[in-house]
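Take a look at the structure set out below.
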Amino acid sequence: MIRETNSKIEARHLKGNAYLYVRQSTLRQVFENQESTKRQYALRQRAVVLGWPLERIIVVDSDLGQSAASSSDREGFQRLVTEVSMGRAGIVMGLEVSRLARNSTDWHRLLEICALAGTLILDEDGIYDPAHFNDRLLLGLKGTMSEAELHVMRARLRGGILNKARRAELEMRLPIGFVYDADKHARLDPDKRIQDTLHLLFKTFRRTGSAMATVKAFREQKLQFPRRVYRGPNKGEIIWGELDHSRVLWVLHHPRYAGVFCFGRTRQRKHPDGRHTCQRLPREEWTAYIPDSHAGYITAAELDENNRRLRDNAYALGAEREKGPPREGPALLQGLAICAVCGERMTVRYHAINGRRVPDYACQRRGIESGKPPCQMIHGGGIDDAIGKLLVETVTPVTLEVALTVQKELELRVDETDRLRRKEVESAQYEAELARRRYMKVDPDNRMVADTLEADWNAKLRALGEAQDRAEQRRQADRGLDKEQRAHILALATDFPRLWNDPRTPDRERKRMARLLVDDVTLLKADVISLQIRFKGGATRTLSVPLPRPAWMTRQTSPDVVAAIDRLLDDHTDDEIASLLNERGMTSGTGKRFRGHMVARIRDEYGLKDLHSRLRARGYLDEGQIAKRLHVKPCTIKIWRRAGLLKAHRYNDKGECLFDRPGADAPLKYKHQDKTRGKVSASS
Ligand SMILES: [Zn+2]
């Protein structure tokens with residue numbers, strides 16, 4: 001046997017180098033499989049025995065630690081191919097040599113090059129000359145078998161995984177908050193801090209109903225969230241850091257927190273250009289969904305409820321970033337408002353004023369991830385009114401007709417640009433085809449050239465894909481009005497102002513009309529709010545709306561009311577003034593009917609003198625003073641007033657009075673005692 005194999009080695013082979021290809025696919029194999037590494041290096045001894053000097057035996061082992069699914073990311077294999085094609089290799093050696101290349105294409109290419117370059121191949125079984133038909137057949141078979149073996153191994157592995165998953169027995173990486181016990185059952189992490197943090201997260205979401213609010217609550221309380229390290233030297237350790245929005249969503253969506261074992265929630269896809277994408281599957285398509293598999297932090301019902309709430313929130317906030325169908329709620333520019341600062345679509349929030357829902361337009365896309373304040377936040381009430389007025393003014397049958405004509409022209413132009421874009425795609429297609437043909441025609445001897453051409457072909461294919469995507473995107477963006485929409489707009493025109501102002505027209509309809517007429521509205525808040533309205537058909541209008549007065553200002557008492565109170569205070573008490581104002585139909589800053597205490601508060605706020613000090617300023621006397629003047633006791637004054645003997649003026653609503661200066665007709669000390677109190681006269 002040895003004699004026969006040796007006969008294949010000729011002087012020209014010995015002139016070339018011997019390449020020992022050492023391949024281990026993963027780091028783990030490198031460590032665990034030292035045995036095979038030893039065998040691989042033993043091949044070097046064989047090369048020496050066969051006649052290669054030690055210094056011309058070159059070990060190619062740069063693939064150590066790399067996976068070998070394809071040759072493209074394996075430098076060592078590429079180098080080997082290059083060396084062979086340059087005619088520098090006399091022999092290529094490897095343990096189970098067919099595994100040099102893990103896929104058939106690579107392997108056959110190597111065989112072909114070896115045959116052309118007159119390079120021998122050696123493995124533990126013997127020496128082969130790929131130029132000989134028999135040897136080549138054998139080597140080809142070996143390659144095919146090794147690929148088949150790989151396939152079977154993979155399938156078996158995958159099948160085993162799936163079977164285990166269906167029985168919920170598959171050991172998978174557990175989300176934070178769970179650990180495996182000695183029996184490989186998932187259970188809550190015994191670390192109390194981790195457990196409590198997760199419980200708190202679910203509790204906060206239950207309370208606030210929003211992932212964003214949960215992030216904020218954690219940040220306000222300076223709470224941290226655990227994360228397990230899966231790679232690197234600190235593998236397995238727990239790191240505590242800030243909680244962010246995507247992490248909350250991930251936890252809330254993860255079925256394991258409800259004690260549900262699940263597998264196959266996503267599908268990985270590999271694209272021809274090497275990109276990987278990950279697609280989320282609906283629950284029906286998961287490989288496994290097994291409730292009550294282990295202890296959880298919430299119930300399965302709560303998991304569903306959380307999912308539902310998150311979905312609803314997404315409709316209210318996230319999804320609204322795209323121009324969507326009109327939803328309930330009065331905000332006219334929902335889905336039409338664009339932030340002039342950053343160009344993002346603005347979302348709508350509502351707040352209530354006197355029971356009415358008033359929209360705010362907010363640009364908060366950037367704020368959502370980090371919990372920062374939104375970039376622009378604009379009170380929408382005035383804006384909606386201004387837009388409504390503008391639409392009623394501008395929309396007449398004539399303007400609409402013009403707009404539609406312009407729109408039609410634009411669509412024609414779009415068709416033209418579309419044709420150009422199709423040209424771009426076509427030429428990219430042609431280029432790619434050309435590159436492909438160049439590659440197919442190349443002399444297989446000339447691997448360097450072939451590799452360059454292959455790379456070129458790949459680049460051309462990528463360019464083609466990009467051109468196609470670009471064309472499709474633009475086509476979507478430029479799509480004009482269809483027939484139905486056009487008819488709708490014309491129908492509107494005949495009766496637009498009436499329809500718009502009719503209080504029975506629902507908000508949804510008003511919004512629908514707005515988006516039939518308007519493409520978008522760009523909002524900028526500065527000293528005033530500037531609106532740039534882009535109508536369908538390309539016309540634009542600019543409006544400016546004054547900033548809404550701050551809340552305290554809108555609640556302010558009107559100057560008329562203050563002036564009226566000031567006048568009435570000359571003669572009236574607070575209660576009297578309140579009823580007089582109500583009679584005149586005046587209301588408070590918040591639109592309420594006046595009460596005495598409200599008048600008193602306004603009096604204080606605006607520094608108006610009260611009735612008492614006004615009367616005193618006019619010379620009215622208090623009880624003590626008039627008693628002194630008339631030489632009687634204050635209680636006598638009270639009696640005299642009740643009897644109507646003194647002219648008194650009420651200065652408050654408790655009935656307390658001030659008195660006119662006593663004139664000539666003032667009652668005298670004893671003169672009236674008989675009339676009022678008989679007993680007094682007896683004593684005199
Ligand atoms: Zn913005």
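The values are calculated or read from the model by the stated rules, or taken from the named source; none is laboratory data. Predicted, not measured: the structure shown is a model, and the values here were computed from it. So basically every Cβ, Gly included, is an ideal-geometry build from the backbone, and we count neighbours across all protein chains shown. For accessibility, only protein heavy atoms count, side chains too; no ligands or nucleic acids. Shrake-Rupley method; radii C 1.70, N 1.55, O 1.52, S 1.80 Å.
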Assuming 0.692 mPa s and 37 °C, estimate D for segment 194-289 with Stokes-Einstein, Rh taken as the Kirkwood radius over Cα pairs, in µm²/s. 211
What is the Cα centroid distance between segment 552-591 and segment 506-549, reported in whole angstrom? 38
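Looking at the square roots a ≥ b ≥ c of the eigenvalues of the Cα gyration tensor of segment 511-596, which shape do they give, rounded for a/c under 1.5, prolate if a/b is larger than b/c, or oblate? Intermediate values should be presented prior to the final figure.
On the way: a/c = 4.94, a/b = 3.24, b/c = 1.52.
It is prolate, given that a/c is not under 1.5 and a/b is the larger ratio.
Per-residue counts of other Cβ atoms within 10 Å, averaged by peptide: what ranking do you get for 651-664, 576-589, highest first?
Details: 651-664: 14.1, 576-589: 15.9.
By packing density, highest mean first, the sequence is 576-589, 651-664.
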Once all Cα-Cα distances of segment 595-648 are split into 5 Å bins that start at 0, what whole-number percent is in each one? 5, 17, 19, 16, 14, 12, 12, 5, 0
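Tally up the carbon and sulfur contribution to the accessible surface of segment 84-209 as a whole percent, 1.4 Å probe, everything protein left in place. Spell out each step's value before the answer.
Numbers: 3510 of 6520 Å².
For segment 84-209, the apolar C and S fraction of the accessible surface comes to 54 percent.
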Need the C-alpha centroid separation for segment 130-147 versus segment 594-652, integer Å. 122
Packing rank of 105-113, 603-611, where each peptide gets the mean count of other beta carbons within 10 Å, highest leading: 105-113, 603-611
